[in-house]
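What follows is a single structure, written as structure tokens, with notes after it.
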Amino acid sequence: MSLQNSLKRMTAPQIAARKGGEPIVSLTAYHAHTAALVDPHVDFLLVGDSLGMVMHGYSSTVPVPLDLMIMHGAAVVRGSTQALVVVDMPFGSYEESPQIAFRNAVRVMKETGCGAIKMEGGAHMAPTIDYLTKRGIPVMAHIGLTPQSVNMMGGFKTQGREKKDWARLEGDAQAVANAGAFAVVLEGMAELLAARITKMIAIPTIGIGASVDCDGQILVLEDMLGLSPRVPKFVKEFGNLGQAIENSVKAYASEVKSRQFPAREHVYAMKKGEGLEEAPQKKAVPRAKK
Ligand code: KIV
């Protein structure tokens, strides 16, 4: 990635400046080719640690290693040119101390070329957000349902549906904003509370399973494309790629079996002058039906 390329991209301050303005559009991306397809239509691409579940078959994001995030982050940067790329800090790579978080975030920034990192956690992560942002690392915060804490929450539980929890969650939002986060993801949060927090804090809120009143929205790409086996309530499927893939694979298998594929246009003829220019035409030989 050239420096010029990185300077043409959307930046964290530009995202922050969208508070209360045109809604911020974002999606996850894990590889170069999907990043290239999504890039022209979004303000930022999130290389979420959800890739552990979506791409690698883990049952939570807890096992995801830092090196895996770096590998996918670099691929998404290579595949995109205009969106800000935000890379998730995985579980265990930032909670211990601001210094360890800084060291690992520096690796992510240097080795992927991304423009910002994201970390889960509210008030208790504020000192770390302050430490990183004062040292040149733009931080997107993430509060509400924080999937890395699945073992503490006892499952993926929607937050803020009881009023008694509002003060704590509002405190989290205020703390990460005051600490210097340029935006905050509100995940799996009661709609009324997400709307209240959006009014209350000075940085953009990015909703997922939150509220249409958030300053922006994010979804996991595979969920909204209809590629995921389980569709949470907050996901709208804007496509049905799962079905399209299945149909294409079935058609391929059938053409391989009936020798319709590869056809003449998919094979290489001999060079002229070899006396063998006319590559023998393979006849499609349908297999006898069982
Ligand atoms: O990991 C992820 O994809 C995320 C989004 C769901 C916000 O954190």
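Bear in mind these aren't lab numbers, they're just calculated from the coordinates by the rules spelled out. Keep in mind the model is a prediction, meaning the values are calculated, not measured. Note that we place each Cβ from the backbone using ideal geometry, even for glycine, and neighbour counts take in every protein chain shown.
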Per the 1/(1 + (r/R0)^6) rule, R0 = 35 Å and r from the Cβ atoms of residue 95 and residue 36, FRET efficiency to 0.05 is 0.60
Per-residue HN-Hα couplings for the stretch 44-54, Karplus 6.51 cos²θ - 1.76 cosθ + 1.60 at θ = phi - 60°, whole Hz, x for Gly and Pro?
9, 9, 9, 8, x, 6, 4, 4, x, 7, 6
Once residue 238 and residue 153 are pulled to full extension, the length gained, defined as 0.36 nm per residue separation minus their Cα-Cα distance, is 27.6 nm
Put +1 on the Cβ of each Lys and Arg and -1 on the Cβ of each Asp and Glu in the chain; which of 247, 139, 195 then has its Cα farthest toward the positive end of the dipole?
247
Taking the mean number of other Cβ atoms within 10 Å as a proxy for protection, how do you rank 143-156, 24-37 from highest to lowest?
24-37, 143-156
Under-5 Å amide H pairs with residue 118, H placed in peptide plane, nonlocal only
87, 88, 89, 140
Of 16, 275, 100, which is farthest towards the positive pole of the chain's charge dipole, taken about the Cα centre with +1 and -1 on the beta-carbons of Lys, Arg and Asp, Glu respectively?
275
Loop sites in the stretch 211-264: GluC sites (Glu not before Pro), DSSP, at most 16 other Cβ within 10 Å:
237
Can you work out the Karplus-derived ³J(HN,Hα) for every residue in the stretch 122-139? Use 6.51 cos²θ - 1.76 cosθ + 1.60 with θ = phi - 60°, whole Hz, and x for glycine or proline.
x, 3, 5, 8, 4, x, 6, 4, 4, 4, 5, 5, 5, 10, x, 10, x, 10
Between 49, 88, 213, find the one with the highest GNM mean-square fluctuation for the chain; connect C-alpha pairs within less than 10 Å.
213
Given 205-212, 123-130, the highest-first ranking by average Cβ count within 10 Å works out to 205-212, 123-130
XL table 8/236; 157/236; 19/163; 250/271; 199/236; 118/157; Cα-Cα > 23 Å flagged, in table order, is 8/236; 19/163; 250/271; 199/236
Taking a ≥ b ≥ c as the square roots of the eigenvalues of the Cα gyration tensor, with a/c under 1.5 meaning rounded and otherwise prolate when a/b exceeds b/c and oblate if not, the stretch 3-159 is rounded
So residue 231 and residue 124, fully extended at 0.36 nm per residue minus their Cα-Cα distance, gain in nm 35.4 nm
Between the Cα axis of helix 241-257 and the main Cα principal axis of the chain, the angle (0 to 90°, nearest 10) is 20
With only helices counted (DSSP H, runs n ≥ 4, each -39500 (n - 2.57)), the per-residue ellipticity at 222 nm for the chain, to the nearest 500, works out to -10500 deg cm²/dmol
Across the stretch 109-172, what fraction of all alpha-carbon pairs, as a whole percent, falls in each successive 10 Å bin from zero upward?
19, 43, 28, 10, 1
Estimated dipole of the stretch 3-238 in Debye, rounded to 20 [Cβ of Lys and Arg +1, of Asp and Glu -1, Cα centre]
300
Percentage relative contact order, the stretch 105-189, counting C-alpha pairs under 8 Å, at least six apart:
37
Pull up all non-local amide H partners of residue 161: gap of 5 or more, or a different chain, and H-to-H distance under 5 Å with H placed in the peptide plane.
190
